[in-house]
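Report on the following structure.
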């Protein structure tokens, strides 16, 4: 029987309020799994996408196969590959669905090949999965999906990332309201230019956020996690956004914001108890909307990211 | 004989390339001294400004007296004060001249009063000195001038500062070309709005800069200290700016930029030897301009800032 490996990569929260397009955080319990094995011939085939009927199976269109194709091109490897994909959460949620698949694909194929690349070197390959799925090779989801923890993408070309420390005790509360927001649409809502005074406040907050992580300063983290750039417009696409924010903060959230381009929202909390209170308050707030929701709580860890897992 | 105290506060580099309006760094050897003593009556008088014939002596117009007036108002103290000021460097240099005087004034008067305020609490008072001298109550010079080291001003109102760690070994090379640039003019050159893509790169760099300080990462510091906001326009006011930058970098500078709104420029270096090489190259570069220059090298320390000193 030929070697067959499976890896998991987590959902991620991009932007983290203050760090539009440069910050991302890895979650733990929710994510995608990708299985890979060598196959006869030279083709890359996708034999199954569990929970992903809407996703392309053509090798040149699927993010997982594109990632592996780029990797084997770099290595001059032409051995055929068979891929199976398990989607652990819905695409279009704002939790980095294509990123989780791309990250798991890069990780698992690297393992199958006996690690020709470091984890950091996998990021640009996984970005190619983002390019085919979203139209832009962003790293703010794939970098934490591979590396785990909180990652600052200082520069995209060439890629330069900084893995930031995580506070002692930090829990994420995620809520996905099942409405459609396309990343491209959410991006079009953003202004091409912003006021210098606004930008100045935003980079002051990024500085405060990074300092808070290195000094385990919850108060500074909370004050710094403000979004003056995307939230004012994008929050209008999310029903009851301001109400959700208010109940999260009333129940002790350190921060509340839009995950990536939405519609998922997130809150951060210092303890699991607070996280549960916040989650209940957010779900209660949404009870009368008639909108189907998915919600979960995760401990945010410094480690984590893509890893080998059981098959499916 | 009535009590008489004197304090020194250093020149400062505001902005530090990547942190427009939010970052500042305290120098050590160059700065202003302010002496204070109680006087008969209730008036605040300035009896002498050494090297400052051009500066106002009227209590309501001088930054030092304004700072002390705000402090005694807060305390309900009406005792008369006499002030003497020693200007250690030229105003209009971009090295925080009014800030050094305002910081020394706040510090020394607090000592005379037996420390009713913490160092952090002195910053808003010193900002009032900036308001009267420059028209705006900025903190990016006065905060490091009082606290020392490298300071992030996360928020101005209410003031919220983060004192950042300094790398193990860091030297600043300063060069002041004696040409006139008014802060107000330099500020008017800036665009009211900037591209979101530019702003995103800038806050990525602020994040990288802060992470570099906490991890003693010289390479990351160097990569992060880019100025996409003020340098493109303000550098045009400084003769041979690009040449200076090139020779500084060729001689091993970690970073090169405009100090505050200029015309002073600064380079950072990892060792005193490199700092001397850089200084020589910068002065050589300027030799044919006919512009009078003042230059010095300082070790950048985590401590420092305003402190008691000998009188003058």
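Computed from the coordinates by the stated procedures, all read-outs in this text should not be read as laboratory data. Quick caveat: nothing in here was measured; it's all calculated off a predicted structure. Reconstructed Cβ throughout: ideal geometry from the backbone, glycine too, with neighbour counts over all protein chains shown.
Two decimals is fine: what's Rg over Rh for chain B, C-alpha atoms, Kirkwood radius as Rh?
0.97
If you take the Cα atoms of segment B:4-165, find Rg, then find the Kirkwood Rh from the mean of 1/r over all pairs, what is Rg/Rh?
My calculation puts Rg/Rh at 0.95.
Could you state the principal axis extents of the C-alpha atoms in segment B:121-262, from the largest down, to the nearest angstrom?
Computed over segment B:121-262, the largest-to-smallest principal extents equal 41, 36, 33 Å.
How far is helix B:63-75 tilted, in degrees, relative to the longest principal axis of the Cα atoms in chain B, given as a value from 0 to 90 rounded to the nearest 10?
60 degrees
P(r) tail for segment A:82-123, what percent of Cα pairs lie past 15 Å?
Within segment A:82-123, distances greater than 15 Å cover 45 percent of Cα pairs.
Between copies, how close do the residue A:50 label points come, placed 7 Å along Cα→Cβ, listed in nm from shortest?
8.1
Distances from residue B:90 to the same position in the other copies: list them in nm, one decimal, shortest first, using label points 7 Å from Cα along Cα→Cβ.
Copy-to-copy label distances for residue B:90: 6.7 nm.
What distance in nm separates the simple spin-label points at residue B:121 and residue A:120, each placed 7 Å from Cα in the Cβ direction?
Once both label points are built, they end up 4.6 nm from each other.
Note the angle between two axes, namely the Cα long axis of helix A:272-286 and the longest principal axis of the Cα atoms of chain A, as a number of degrees from 0 to 90, rounded to the nearest 10.
That works out to roughly 80 degrees.
Suppose each label sits 7 Å from its Cα in the direction of the beta carbon; what would the residue A:29-residue A:180 distance come out to in nanometres?
The two pseudo-label positions are separated by 3.0 nm.
Do me a favour and compute the ellipsoid semi-axes for segment A:49-94 from its Cα gyration tensor, root of five times each eigenvalue, largest one first, whole Å.
24, 11, 9
Could you give the C-alpha radius of gyration of segment A:198-253 expressed as a fraction of 2.2 N^0.38 Å, taking N as the number of residues it contains?
Normalised Rg, Cα atoms only: 1.26.
Let me know the mean shielding of B:188-201 by other chains, meaning the per-residue number of their Cβ atoms within 10 Å of its Cβ.
5
How high is the relative contact order of chain B? Use alpha-carbon pairs under 8 Å, at least six apart in sequence, and give a whole percent.
Worked out over chain B, it gives 25 percent.
Return the FRET efficiency for the residue pair residue A:292, residue B:308: r is the Cβ-Cβ distance, R0 is 51 Å, and the value is rounded to the nearest 0.05.
That gives a FRET efficiency of 0.15.
For residue B:189 paired with residue A:215, estimate the spin-label separation in nm (one decimal), with each label point 7 Å from Cα along the Cα-to-Cβ line.
That separation, rounded to one decimal, is 3.3 nm.
Using a label point 7 angstrom from Cα along Cα-to-C-beta, what distances in nm, from shortest up, separate residue B:308 from the other copies?
Values, ascending and in nm: 6.6.
So for segment A:171-299, averaging the separation of alpha carbon pairs under 8 Å that are six or more residues apart and normalising by length, what relative contact order in percent results?
42 percent
With the cut-off at 20 Å, report for segment B:98-159 the share of all Cα pairs above it, as a whole percent.
Taking all Cα-Cα pairs of segment B:98-159, the fraction more than 20 Å apart is 17 percent.
Under the definition of Cα pairs under 8 Å and six or more residues apart, what whole-number percent is the relative contact order of segment A:43-180?
21 percent
Rounding to the nearest 10 and keeping the result within 0 to 90°, find how far the Cα-based axis of helix A:196-215 lies from the longest principal axis of chain A.
That helix lies at roughly 70 degrees to the long axis.
Starting from the alpha-carbon convex hull of the protein assembly as shown, give the projected area averaged over all orientations, in nm².
Reported value for the Cα convex hull: 30.8 nm².
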